[in-house]
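One structure is given below, encoded as structure tokens.
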Amino acid sequence: MTSPFTSSPLVAAVVLASSKTSDNDEELYDVVARPISSNYQAGMSRELVEKQQVSDSWIAFNSGAPPTTAAVRPPNYVRVGGKMPKNIATPPTGDQITKEWLTEVFRFRGTLPYNGRVVEMVKKRIGEGQGEFGDLYAIEITQVENAHSHFPRYLIAKICPVGKTTAEKIGLKIIYQNEAHFYNDFTVEGGGLPRPECYHVGADLKGLQPKFIFLIGNGFLDPKNSPAKLYSRVSGCDNEEHLFRVMKALALFHAKWWGHPGGKKPFKWALHPLLTMKGLLLNAVPILTKGGLKALPKLFNDQKHPDGSPVAKWGADYEPILSWLPILKRRFRYLAKELYRPPLTLCHQDTHLENIFFHERYPGGCAFIDFGNIGFGHALSDITFFLATSIDVEVRRAYEQRLVKYYHEHLVAGGVTDYPYTLCQHDYKIQLWRSFIQVLTIIPDFAKARKNRTGMFALNRDEAGEKLLQMYAGFNKRLATALLDHEWIKMLEEVAYTSCCSMLCCVCKPS
């Protein structure tokens, strides 16, 4: 992910369509709550304690008894952006993360009793040069008083960066709000996707420039645990067991929310392609496809730096796909409806290897991070993005059919009915284009960077730029090869022309 929002087509569409967001949008932020820690209430003045009502408004869908709202909420839940004491206000920078602040946060959340306190801590900034992901700090609490034996001593603090432009600010607000809700509104079990424990989410939603902070468990530093296995997108993964773990985890996650109607508690905040902006986000399919394909050749044509050396090329693997545009143009209506054909479910929407940890301590043997793009979509979009971009071509070819079959088996085991494997195979193939749209979304920005010789196209690239160039070299080869291996365009050619025959026709809500 190269920016906090543009790699997600739906988020990018909202950013393009929005000039401002509401500061107090009750339809977006109003989610139910349970009373906060009684330990903290005992030491606070009553006016600082916000008691929020629990409401069992969870909707029944599919079969079986649905969980109550309280069943999916974590203890001491406070809604995202809800009122909190002034002494635990969301800090704008890591400098404000002090032992005193942590003490008040843990008391408020009930992690510490009211007479407990953080005595000593060590804080170190990590991820320098990756500010688009947020400012990250590794925290070790070295001394604490009156804490229980399971008190979290190793944490990652993640703080929302400052957006420079209006579009960046809108994108950051959406991305961090998504992540805040998934961490804050659900227990790990309640959300359905294994992840590290989150001990605090702070959010100040006032104004266009939001403030967010997350305190997340850091198992990498804990000497009681062996480090989790983490792969890079450059090296890929050929561990068969780990690949199957990912399929099972995603299948059970998708099955949990399969067919959820969206737009209702507990998902009022989540983008939904058929509901958000009354379904007009489907227009992102033709708009982003055309814009990306138009800019793509500018990324691998011959350009030189002032000293005569060649500018780095990007995306030449996609050159054969440029010839597909005439076929695509009169099938955008069909394609948009297929990519987001119900039943939809909650999707991670950024399922690459660097967002997945592998360790036996996690349920199912793996855990996911980075929920900025989470929202409703087609389940197979998560599967194609993982298999077509994160693992090498030879590994995908060797395991692809078995992995998709295994995923479908666990989808059915999770309670999904009326979804035959043949349809799952079709959807896997069609959703390859959803992965490509995720690339097309960022191509115009990359083309500008190459024109200006900045970032990964600079004459003297920094380490971050070099890593990004290497990562995309493998990413692009894998995805382009997957589209060609599956003869994706032949599948689309078999579809008759739709009534959507021009760009203007596509910029209306599909029926």
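With no solvent and one point on each alpha carbon, what is the Debye value of log10 I(q)/I(0) for region 217-284 at q = 0.22 Å⁻¹?
Values returned for q = 0.22 Å⁻¹ are -0.97.
How far, in nm, would the chain grow between GLU145 and LYS83 when pulled straight, counting 0.36 nm per residue and subtracting the alpha carbon separation?
Numbers: separation 62, 0.36 × 62 = 22.32 nm, distance 2.73 nm.
Net length gain for the segment: 19.6 nm.
Give a residue-ordered list of calculated ³J(HN,Hα) values for region 365-370 (Karplus: 6.51 cos²θ - 1.76 cosθ + 1.60, θ = phi - 60°; whole Hz; x for Gly, Pro).
x, 8, 9, 10, 10, 6
What are the ³J(HN,Hα) couplings of region 423-438, residue after residue, when phi is run through the Karplus curve with 6.51, -1.76, 1.60 and θ = phi - 60°? Round to Hz, x for glycine and proline.
These are the phi-based 3J(HN,Hα) values: 5, 4, 4, 4, 5, 4, 5, 5, 6, 4, 6, 4, 5, 5, 4, 4 Hz.
Evaluate E = 1/(1 + (r/R0)^6) for THR98 and ASN225, where r is the Cβ-Cβ distance and R0 equals 30 Å; express this FRET efficiency to the nearest 0.05.
Working: r = 27 Å, r/R0 = 0.88.
The computed FRET efficiency comes out at 0.70.
What is the local net charge at ASP350, summed over the other residues whose Cβ is closer than 11 Å to its Cβ (Lys, Arg +1; Asp, Glu -1)?
Values: positive: none; negative: GLU179, GLU354, ASP370, ASP382.
That sum, taken over residues with Cβ under 11 Å, equals -4.
Pull up all non-local amide H partners of LEU344: gap of 5 or more, or a different chain, and H-to-H distance under 5 Å with H placed in the peptide plane.
Amide H to amide H, under 5 Å and 5 or more residues apart or across chains, LEU344 pairs with GLY259.
So what are the ³J(HN,Hα) numbers for region 325-336, from phi and the Karplus equation (6.51, -1.76, 1.60; θ = phi - 60°), rounded to whole Hz, Gly and Pro as x?
Listing the rounded values in order: 4, x, 6, 5, 3, 9, 10, 4, 4, 4, 5, 4 Hz.
Nearest 0.05, what FRET efficiency do VAL495 and HIS359 give at R0 = 56 Å with Cβ-Cβ as r? Let's see the in-between values first.
Working: r = 44 Å, r/R0 = 0.79.
Efficiency, from the Cβ-Cβ distance: 0.80.
Report, by chain and number, residues whose modeled amide H sits under 5 Å from the one on TYR199, excluding near sequence neighbours (fewer than 5 apart, same chain).
For TYR199, whose amide H was placed from the backbone, the distant partners under 5 Å are LEU215, ILE216, GLY217.
Read-outs: derived from the displayed coordinates by stated rules, not from any lab. The shown structure was predicted, so the numbers you read here are calculated from the model rather than taken from an experiment. With ideal geometry, Cβ positions are generated from the backbone for all residues, glycine too; neighbour counts draw on all protein chains shown.
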